[in-house]
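Structure first, then comments.
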Amino acid sequence: MGKNLKGAFIYLGIIFISVILVYKLPQDSYSMIQYIVKPIRFENSVLNLSGLVPLIMLFVGIRGLCRLEWFADKSKLLITIIVLILVMPAMRGTLDMAKTIYLSNLNNEMRSIDFKDIDIKISSITDHDVTMNIKLELTDYREDMSDFQIRMYLPDSWTVYFNKKFIDFDESYKSFGRRRPIIVDKEISVQLADGITRDNVFDSQWYWETFEFELFNNIDSSKLIYHGT
């Protein structure tokens with residue numbers, strides 16, 4: 001193998017690893033690098049350094065490609081643009097394909113469902129209860145239809161506020177498979193525990209917490225993990 005070809009494989013491999021590190025894990029809102037380099041929380045802010053490692057790897061990969069003899073007389077800006085616009089999207093597309101194959105072949109109809117987007121908001125807080133709006137956009141990678149229900153597990157820090165560990169959604173949901181979207185838009189009111197005030201909830205920094213959503217039916221179950229940051 002020639003020196004240039006070997007170097008191209010090495011530097012493209014470094015770029016590919018940087019893409020893998022920031023790619024969202026199945027059934028999880030975190031990427032691999034976010035588990036390795038976790039956010040640093042202060043009293044009123046969060047410092048997220050997880051993007052630095054992939055960014056440095058991307059810089060090393062592009063710089064290495066630019067220094068190869070193949071590209072010695074080529075514009076470094078052009079090489080960078082090609083990597084960002086063509087090479088990295090192709091790498092992400094490869095990971096998308098791998099995830100689709102993996103999830104569609106699982107022998108568990110609930111684990112074939114992944115979330116595409118999620119939004120949790122508190123719409124109102126009174127002295128007696130909290131009203132939350134939960135929006136989930138799910139994708140089912142299997143071919144078959146499924147009926148399922150949803151249970152939302154509250155963060156450990158919230159159990160003292162509501163005397164609840166989880167909330168069951170009343171409705172039953174249906175998946176038609178084949179990557180068709182499943183939209184869940186739910187408003188839930190939860191009664192506050194005795195002695196808990198609205199200030200306790202305001203001061204809880206709930207938006208940094210981790211929520212788990214269990215999808216289940218009579219056959220299978222699976223959990224989707226959403227990290228507030």
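The values are calculated or read from the model by the stated rules, or taken from the named source; none is laboratory data. Just so you know, these numbers come straight off a predicted model, no measurement behind them. Cβ atoms come from the backbone with ideal geometry, glycine included; neighbour counts cover every protein chain shown. Heads up: the accessible areas ignore ligands, DNA and RNA and are worked out on the full protein's heavy atoms, side chains in. Shrake-Rupley method; radii C 1.70, N 1.55, O 1.52, S 1.80 Å.
Exposed (fewer than 13 other Cβ atoms within 10 Å of the Cβ), in the same structural domain as MET152 (by the TED database) and under 19 Å from PHE213 (Cα atoms), is that true of LYS135?
no
Would you mind stating whether ILE79 is under 27 Å from LEU21 (Cβ atoms), outside the structural domain of ALA193 (by the TED database) and either basic (Lys, Arg) or open to solvent by less than 40 Å² (accessible area, probe 1.4 Å) (or both)?
yes
Take residues that are modelled with pLDDT of 90 or more and acidic (Asp, Glu) and tell me which of the helices (runs of 4 or more DSSP H) falling wholly in the range 32-130 contain 1 or more.
In the range 32-130, 88-104 are the helices (runs of 4 or more DSSP H) which contain 1 or more residues that are modelled with pLDDT of 90 or more and acidic (Asp, Glu).
Collect the residues in the range 186-229 that are assigned to a loop (DSSP other than H, G, I, E, B), within 15 Å of the chain's Cα centre (by Cα) and not acidic (Asp, Glu), keeping them in residue-number order.
GLY228, THR229, listed by residue number.
Can you tell me which condition TYR141 does not meet? The list is (1) touching a Ser or Thr at 6+ places or on another chain (Cβ under 7 Å); (2) over 18 Å from LEU224 (Cβ atoms), and all the others hold.
The failed condition is (2).
Output the residue which, of all residues in the range 159-176 that are part of a loop (DSSP other than H, G, I, E, B) and modelled with pLDDT of 85 or more, is least open to solvent (accessible area, probe 1.4 Å).
Of everything passing the filter in the range 159-176, PHE169 is least open to solvent (accessible area, probe 1.4 Å).
Looking at this structure, is ILE10 in a helix (DSSP H, G or I) and either at pLDDT below 95 or closer than 30 Å to GLN149 by Cα (or both)?
yes
I'm told ASN4 meets every condition in (1) outside any loop (DSSP other than H, G, I, E, B); (2) in contact (Cβ under 8 Å) with a residue 60 or more places away in the chain; (3) under 30 Å from SER112 (Cα atoms) except one. Can you identify the failing condition by its number?
The one condition ASN4 does not meet is (3).
Output the residues belonging to the range 139-158 that are part of a strand (DSSP E or B), at pLDDT below 90 and open to solvent by 50 Å² or more (accessible area, probe 1.4 Å).
ASP147
In the range 177-227, which residue that is more than 23 Å from SER29 (Cα to Cα) and among the β-branched types (Val, Ile, Thr) is surrounded by the most Cβ atoms within 10 Å (Cβ to Cβ)?
Of everything passing the filter in the range 177-227, ILE196 is surrounded by the most Cβ atoms within 10 Å (Cβ to Cβ).
LYS135 versus (1) touching a residue at least 12 places away in the same chain (Cβ under 8 Å); (2) of a type in the set (Lys, Arg); (3) more than 30 Å from LEU192 (Cβ to Cβ): which is the lone unmet condition?
(3)
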